[in-house]
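Notes follow once the structure below has been shown.
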Amino acid sequence: MTAIDADPDALEAVEAYSTTTTTDLAAAGESDVVVLAVKPDVVATVLDELDLSADQTLVTVAAGVSRSFVADRTDATVVRVMPNLAAETGDMAAAVTRDGLSEDVRELLATVGEYAVIDEALMDVSTAVNGSGPAFVFYLIGAMKAAGMEGGLDPEQAETLAAQTFKGAAETVLRDERSVDELIDAVCSPNGTTIEGMEVLWDSDVEDRIVEAVGAAERRSAEIAEAFDDE
């Protein structure tokens with residue numbers, strides 16, 4: 001894997017994960033798959049200097065930049081991806097556009113987590129769910145940690161139990177054929193502790209607030225995309 005960046009400090013930060021690092025953008029012409037991971041405001045500038053051929057694939061992860069904007073500026077096949085923070089640990093959730101998706105890109109995404117293939121029209125809501133989603137989950141983990149500490153656990157104990165519980169529950173959802181509601185029922189015993197807690201959640205508006213949070217992030221994603229297209 002070759003890492004390319006104009007900033008030597010940025011290259012130094014990824015040196016341990018790369019076969020080669022360089023400031024020479026022409027090196028991208030030697031790769032079958034090129035990942036464009038830059039801020040939206042410099043996408044056009046980089047594409048103007050990036051000389052790719054029709055037999056290459058360009059994966060863009062620039063938020064708010066449409067696939068067509070990139071495709072109009074390169075001969076390569078373009079795929080748009082919205083990854084998230086957990087790519088660092090191999091637990092990424094990513095949304096990837098159906099158009100342009102190749103087996104090479106599928107293999108690349110699979111090495112760092114799970115992905116869902118979507119129509120690009122759904123990229124804003126996908127950005128809200130999986131791109132912004134880690135922050136929402138961190139918030140919920142923090143709330144469970146606080147509850148554990150209030151009950152007497154020390155901060156490290158409470159954080160470990162809360163975070164690992166989220167991790168285990170997420171793995172169960174991904175691997176188990178039962179629905180989320182069926183999994184909740186499986187944990188809830190009649191007159192048990194879980195059903196008591198779930199009654200509080202069911203009687204609250206917490207689900208509505210989560211839906212509102214995702215909706216707010218989705219709207220902001222659409223606003224950013226619209227502003228970029230208008231420039």
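Just so you know, all these numbers are worked out from the coordinates, no wet-lab data involved. Bear in mind the structure is a predicted one, so any value in this text is a computation, not a measurement. Every residue, glycine as well, gets a Cβ built from its backbone with ideal geometry; the counts of neighbours run over all protein chains shown.
If you filter region 146-185 for trypsin sites (Lys or Arg not before Pro), then keep DSSP loop positions with at most 15 other Cβ within 10 Å, what is left? Hits after loop and neighbour filter: Arg178. Taken over region 51-115, the percentage of Cα pairs per 5 Å bin, counting from 0 up to the bin with the maximum distance, is 4, 19, 27, 24, 16, 8, 2.
Distance from the Cα centroid of region 175-231 to that of region 1-80 is 35 Å (rounded to whole angstrom). One Cα centroid belongs to region 100-125, the other to region 157-173; the line between them spans 26 Å.
Among 82-93, 143-154, how do they line up from the highest to the lowest mean number of other beta-carbon atoms within 10 Å?
82-93, 143-154
Electrostatic bookkeeping for Arg98 treats Lys and Arg as +1 and Asp and Glu as -1; over the other residues with beta carbon under 9 Å from its beta carbon, the sum is -3. Pairwise Cα distances in the chain exceed 23 Å for 58 percent of all pairs.
Charged neighbours of Ala186, selected by a Cβ distance under 13 Å, balance to -4 (K, R count +1; D, E count -1).
Rounded to the nearest 10 degrees, the angle from helix 206-230 to the longest Cα principal axis of the chain is 10 degrees. Take the convex hull of the alpha carbons in region 2-119; its mean projected area over all directions comes to 6.9 nm². Relative to the current alpha-carbon distance between Tyr139 and Ala10, full extension at 0.36 nm per residue lengthens the span by 43.5 nm. So what's the net charge close to Ala213: Lys and Arg +1, Asp and Glu -1, counting the other residues with Cβ under 14 Å from its Cβ? Combined, the nearby Lys, Arg, Asp and Glu give -2.
By the beta-carbon count within 10 Å of each Cβ, the least crowded to most crowded order of Ile141, Ile195, fewest first, is Ile195, Ile141.
At 7 Å along the Cα-to-beta-carbon direction for both Glu226 and Val200, put a label point, then send me their distance in nm to one decimal. The modelled label-to-label distance comes out at 4.0 nm. In a reduced charge model with +1 at each Lys and Arg Cβ and -1 at each Asp and Glu Cβ, the chain shows a dipole moment near 340 debye about its Cα centre. When a/c reaches 1.5 or more, the comparison of a/b and b/c decides; with that in mind, is region 133-221 rounded, prolate or oblate per its Cα gyration tensor? Rounded, since a/c falls under 1.5.
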